[in-house]
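Notes follow the structure.
The values are calculated or read from the model by the stated rules, or taken from the named source; none is laboratory data. What you see is a predicted model; the values in this text were computed from it and never measured. Cβ coordinates were reconstructed from backbone atoms using ideal geometry, including for glycine residues, and neighbour counts include every protein chain displayed.
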Amino acid sequence: MTDAIKTQLLSAESAGIAAAARLLQDGELVAFPTETVYGLGGDARQGRAVAAIYAAKGRPQFNPLIVHVPDVKTAQLYAEWSDTADRLASAFWPGPLTLVLPLLPDSGLSSLVTAGLNSVAIRIPAHPVAQALLRAFGGPLAAPSANPSGRISPTQAAHVANGLTGRIAAILDGGPCTVGVESTILGLTGAPTLLRPGGLPAEAINAALMTPLQTRSDSAITAPGQLASHYAPKAAMRLNATTLYPGETLLGFGPNCPDATLNLSPAGDLTEAAANLFDHLHRLDALGAATIAVSPIPAQGLGIAILDRLTRAAAPRTA
Ligand code: TXA
Ligand code: MG
C-alpha cells in the first residue's frame, strides 16, 4: 500500500448511502453490511477498483469474487439464466445464497472479478442497506468479506474499521449482521454442486432442487486458486524474462519493454497490471502465442498475487 487514505464512517441513512454510492461510482472501495458478513465493495466493471479490493485485503491470490446485484433482472445482464437458477432464485433470493453461473459474453464485468473464468458468482443480498446501496449505485458490486486476508470475517462495522481503516474510502455502518457466516455457494455450470457451505443450509437447497446436490472436497473449496477450472492460458509461460527468445511473445511490465506485444502496465503500476492480467492472457492466447514470456514483476503488494497467478499459469498442466 501507498499512503494511508482517510476512511469515512457513514451512517446507513439516505445521505450516507448516497455518499457511498458516489464513492463506488468513482472507483473507490466501500465496506457495506449484508445479512451474512460485511462486504468490501468495488465496481465489478472497473478493473482498477477490483484490483484495489485485492490490494486493500492484502490477498496474495486472485480468487474470483462474488458479484452482488439488487435483483434477478440485473443478474441476467451478466449470467446465462436457466430453469434451475430460476427455481433457486425464487426460493432463496434475496438471501445468503450465491450461484455460480455461465458468464455472458460481453458482460462488461472486469476479467479480474471472475479470475478469467467463463463463469460468474452472483448473489442478491437481503440486507436492506445492501439493497439500498446497490440501487443507489446502479451497478454490480464485487465484494469479498471486508477483512484483511487471513483474518476472521467482519460482522460489525467496528470489525471492518479495525482491519481496513486507512485502506478503503468508507464504511457504511448498518449494525451487526444477522447470519454471521458467508453465503452458501452453489455451482450451476454443470450438475448443481455445493462449492462452499454457508448461511443457507444444503438441506433447504436439496428440497428446492428435487435433485441430489453434488459436493466437492474441502481442499478444493479452501483453495479455489487451484481449481481445475481456474483459467490457464493455452500458451506455455516463461516468467522473469529479461530477453526474448525466438518464438516467444512478450507480456511486458513497466516502461522498458519495447518488444512487448501487450504490456500489463507501461507505467509499472501494479494495480493497473492486476486489472489487465486475465484480459491480456486471454488476448495473447487468442493471438495464438506458443510461449508467453513475462517481464519481471516486483514481488510486493499486488505483485505477489500477480506472480502467484502467473506461476500457476506457468506450472505443468495436469489436465
Ligand atoms: O456472504 C458472502 O458470500 C460474502 C458477502 C460479502 O456477500 N462474500 C464472500 O465473497 O464471501 P468471497 O469473495 O470471499 O468469496 C468468493 C468465493 C471464492 O473464493 C470462490 O471460492 C467462489 O466464491 N467463487 C467465485 N466465483 C467463482 C466461480 N466463477 N467459480 C467457482 N467459484 C467461484
Ligand atoms: Mg472471506
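If you go through the range 131-144 and keep only what is crowded, with 24+ Cβ neighbours inside 10 Å and either of a type in the set (S, T, N, Q) or in a loop (DSSP other than H, G, I, E, B) (or both), you end up with P140, A143. For the range 258-273, a residue qualifies if it is under 15 Å from F62 (Cβ atoms) and either loosely packed, with under 15 Cβ neighbours inside 10 Å or touching a Ser or Thr at 6+ places or on another chain (Cβ under 9 Å) (or both), and the qualifying residues are L264, T271, E272, A273. When residues in the range 22-48 are screened for being crowded, with 23+ Cβ neighbours inside 10 Å and more than 18 Å from P154 (Cβ to Cβ), 4 of them pass.
Exactly one residue out of T215, T165, T211, T189 is among the hydroxyl-bearing types (S, T, Y), farther than 30 Å from I292 by Cα, modelled with pLDDT of 90 or more and out of contact with any Gly (no Cβ under 6 Å at 6 or more places or on another chain): that is T165.
Per the conditions (1) part of a loop (DSSP other than H, G, I, E, B); (2) under 20 Å from G41 (Cβ atoms); (3) free of Cβ contacts under 8 Å to residues at least 24 places away in the same chain, the sole criterion not satisfied by G163 is (1).
Of the residues in the range 37-50, at least one is in contact with a strand residue (DSSP E or B) (Cβ under 9 Å, 6 or more places away or on another chain) and aromatic (F, W, Y).
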